[in-house]
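Values quoted throughout were computed directly from the atomic coordinates according to the rules given, and no laboratory measurement underlies them. None of these values were measured; they are calculated from a predicted model. All Cβ positions, glycine included, derive from the backbone under ideal geometry; neighbour counts span all protein chains shown.
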Amino acid sequence: MKNLIITVFSLLATFSFAEGPVDGKIYGKANLSVVSQDNGDSDEWNLNSNASRLGIKGKTSISEGLEIIYQAEYEICIDSGDCKGQTFKQRNTFAGIKGNFGTLVAGKRDTPTKLAQKKIDLFNDLEGDIKNTFEGENRVSNIVAYTTPSMNGFSASLAMIPAEGDDVDQDGSDDTGLNDGMSYSLSYSKNNLYLAIAGDQDIDKQDLTRAIAHYKINQLTLGFMYQQNENNLGTKDESGYFVSAAYKLDKTISLKAQYGSIEDDADGDEETTFSLGADYKLAKNTKLFAFYTDNTDSEMDADDDEFSAIGIGMEHKF
């Protein structure tokens with residue numbers, strides 16, 4: 001299987017730069033970090049691959065103003081070669097059509113809610129990743145998603161996810177419709193300002209709403225998110241916020257910080273995440289980075305579950 005995938009990638013690379021209506025490319029990212037982590041019970045060193053990936057994406061023009069688009073992306077675990085039992089772990093993989101009417105895709109892809117988060121998470125794929133504290137960071141299978149073209153800065157996305165017989169709403173009956181799960185987003189972008197509201201219904205057994213703001217002021221970039229979510233069983237009713245800030249000292253050095261907190265109104269449990277870091281740009285697509293993260297899970301009538309990590313690493317995109 002591994003040799004077959006490599007062969008397919010090699011063949012596509014041969015044709016990706018051919019003249020004509022086909023426009024495709026191979027892309028990827030190698031991200032490795034050496035991390036010392038402490039979960040309260042043990043303190044250990046790890047070499048992490050941080051969602052390193054390899055993919056193919058492109059488009060084929062079929063008529064004026066109408067294109068077929070495609071993407072096949074896989075995680076590659078370059079630290080150990082084992083991505084939870086797989087050599088290649090599927091990420092965003094889909095096909096679709098794009099025109100003046102917007103974009104329609106189907107396959108496995110990030111939900112509109114996850115995509116609406118934009119880049120307020122400054123430690124994505126690291127120990128401080130927002131997904132370790134907040135619900136809603138979902139990549140789902142069997143998704144059918146439509147995104148409008150941008151109109152005066154406004155854009156909207158709607159995705160439907162058929163459950164294919166799974167009981168996603170946990171009402172005791174199999175779900176067989178086209179929209180057993182749904183995700184949406186409405187965004188506005190102009191100059192250095194980005195605003196969005198997004199939500200999920202019956203995605204990962206959650207109903208969720210979030211509001212996002214992203215603003216750049218000279219060398220300073222600020223991010224904010226407020227979120228409410230409740231699970232299908234009514235045993236979790238959370239609300240919380242997330243803030244981030246990045247400051248460019250010069251063309252090569254950036255300082256970063258973020259903090260998030262979410263509390264369960266049903267039982268009083270609270271989760272927090274805090275990260276500090278710095279990036280050093282070696283070249284256009286290559287950087288060194290260092291970070292510190294502290295994640296805390298507080299439960300009523302129990303000791304806090306503490307996790308901290310400090311690490312250094314390198315990222316190269318191609």
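Points worth noting:
- Other residues whose C-beta falls under 13 angstrom from the C-beta of LYS248 contribute a net charge of +3, scoring Lys and Arg +1 and Asp and Glu -1.
- Of every Cα-Cα pair in the range 195-270, the percent that sits beyond 17 Å: 56 percent
- Dimensionless Rg ratio for the chain, taking C-alpha atoms and the 2.2 N^0.38 Å reference: 1.06
- Estimated FRET transfer efficiency when R0 is 35 angstrom, pair LEU255-ILE197 (beta carbons, to 0.05): 0.75
- The range 23-90: trypsin sites (Lys or Arg not before Pro) in DSSP loop, at most 11 other beta carbons within 10 Å: LYS84
- Proximity of backbone amide H atoms, modeled 1.01 Å from N, is registered between GLY24 and LYS59 at under 5 Å, excluding neighbours fewer than 5 places apart on the same chain.
- The range 209-318: trypsin sites (Lys or Arg not before Pro) in DSSP coil with no more than 12 other Cβ atoms inside 10 Å: LYS251, LYS284
- On full extension, the segment bounded by ASN124 and GLU44 gains 26.6 nm, given 0.36 nm per residue less the C-alpha separation.
- Relative to the current alpha-carbon distance between LYS205 and LEU66, full extension at 0.36 nm per residue lengthens the span by 46.4 nm.
- Simple label model, 7 Å out from Cα along Cβ direction - ASN179 to ASP304, nm: 4.3 nm
- Beyond 29 Å in Cα-Cα separation lie the following of the pairs LYS108/LYS216; LYS98/LYS287; LYS205/LYS317; LYS57/LYS118: LYS108/LYS216; LYS98/LYS287; LYS205/LYS317.
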